[in-house]
């Protein structure tokens with residue numbers, strides 16, 4: 001008998017563990033206390049919902065029902081001592097026998113229940129799937145998972161797959177550690193087609209293996225904006241109008257590849273931090289490959305010279321913003337030639353001029369904004385002090 005009970009207990013624990021992993025609840029938990037069992041946090045009173053029992057649900061009784069309980073459970077003068085010794089368990093048993101169970105949630109429509117669920121934190125929402133079949137079906141509704149913030153987390157293998165499979169459209173993974181693999185098995189991918197719904201993805205400062213990143217690009221076809229700042233990259237580049245590759249540690253051969261293969265319709269490019277891996281030759285090829293660039297950040301490209309600046313002025317006729325901060329090989333006299341670019345609106349030159357020389361430069365280019373933007377916002381999801389949105393879109397429902 002005891003062995004059978006132990007076996008059933010282990011089976012139940014394994015099923016619960018799988019459900020938690022499938023819902024990504026371990027990664028969505030707000031603190032260490034969220035992993036505690038529900039039975040440890042609630043009293044031993046149950047309410048029946050169809051064929052399912054909800055542990056720990058509060059009992060709401062009418063005054064007349066409370067009076068019936070008191071009358072029923074009050075011992076008569078003729079009651080025996082053995083009846084009085086049954087205690088609280090006997091009272092709970094008599095309540096179950098005598099009173100009709102009230103389940104107000106069962107009378108609510110799916111729309112109202114979904115509206116209530118939208119106010120729950122994501123880790124609590126994942127736990128709701130354990131209550132009954134109806135709640136599990138409602139918890140899987142995509143309207144509850146449109147935006148998710150998993151910044152500063154550590155995601156176990158395949159957890160990102162289950163999160164994406166909820167139908168998320170706006171996902172923040174800033175400074176998040178993601179382990180391979182993304183997809184548990186090819187057969188699972190064939191039965192889950194909702195992966196492509198993510199449109200805004202922030203991977204800034206995240207730790208994600210290159211094979212997993214390539215796999216992510218292969219299945220997420222509806223991406224509109226993505227940030228890969230400070231991520232390791234391979235030669236596979238997504239085709240977007242705005243691209244941020246700042247401080248990604250690109251090798252010289254990768255920079256050469258990018259200058260040849262970037263999409264011609266690219267409008268905004270941040271390729272700062274390449275140091276000596278980008279030269280005047282790559283700048284020339286880049287200007288020819290992407291002639292419609294409106295914003296270009298080349299900060300901390302330490303070996304490009306005045307020749308690169310001439311290439312930019314000759315080929316990028318639509319350029320509105322240019323960042324050349326800490327490019328010390330470009331002479332100040334050449335920078336003044338930027339005033340002849342009719343489309344140019346702003347230029348950043350941090351670290352290149354002393355205060356007096358900077359004042360003279362501003363006077364020689366009165367129609368240009370100089371050093372107005374200390375941080376580039378090209379394809380950058382989060383700017384300023386706000387940390388609950390990416391590209392101006394909220395990542396949390398509450």
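The values are calculated or read from the model by the stated rules, or taken from the named source; none is laboratory data. Quantities reported herein were computed from a predicted structural model and do not represent experimental measurements. When we count neighbours, we look across all protein chains shown, and the Cβ atoms used for this are built from the backbone with ideal geometry, even at glycine.
For residue 171, the stated conditions hold: it is outside any loop (DSSP other than H, G, I, E, B) and surrounded by 16 or more Cβ atoms within 10 Å (Cβ to Cβ). Total residues in the range 263-292 satisfying the condition of being under 13 Å from residue 378 (Cβ atoms) and modelled with pLDDT of 95 or more: the figure is 0. The listed residues are 347, 395, 370, and the only one of them that is touching a residue at least 60 places away in the same chain (Cβ under 8 Å) and either surrounded by 18 or more Cβ atoms within 10 Å (Cβ to Cβ) or under 36 Å from the mean Cα position of the chain (by Cα) (or both) turns out to be 395. Can you confirm whether residue 226 is under 24 Å from residue 318 (Cβ atoms), in contact with a strand residue (DSSP E or B) (Cβ under 9 Å, 6 or more places away or on another chain) and at pLDDT below 85? Here the answer is yes, as residue 226 does meet what is asked.
Screening the candidates 338, 298, 358 for the property of being more than 30 Å from residue 145 (Cβ to Cβ), within 38 Å of the chain's Cα centre (by Cα) and surrounded by 15 or more Cβ atoms within 10 Å (Cβ to Cβ) yields one hit, 298.
If you go through the range 231-257 and keep only what is over 23 Å from residue 375 (Cα atoms) and either in a strand (DSSP E or B) or at pLDDT 85 or above (or both), you end up with 251, 252, 253, 254, 256, 257. Under the condition of being over 13 Å from residue 174 (Cβ atoms) and at pLDDT below 75, which residue from the range 373-392 is surrounded by the most Cβ atoms within 10 Å (Cβ to Cβ)? Among residues in the range 373-392 that are over 13 Å from residue 174 (Cβ atoms) and at pLDDT below 75, the one surrounded by the most Cβ atoms within 10 Å (Cβ to Cβ) is 379.
Yes/no per residue for (1) closer than 30 Å to residue 242 by Cα; (2) at pLDDT 80 or above; (3) part of a helix (DSSP H, G or I); (4) in contact with a helix residue (DSSP H, G or I) (Cβ under 7 Å, 6 or more places away or on another chain):
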| residue | (1), (2), (3), (4) |
| --- | --- |
| 114 | no, yes, yes, yes |
| 137 | no, yes, yes, no |
| 151 | yes, yes, no, no |
| 160 | yes, yes, yes, no |
| 167 | yes, yes, no, yes |
| 175 | yes, yes, no, no |
| 183 | yes, no, no, yes |
| 188 | no, no, yes, no |
| 196 | yes, no, yes, yes |
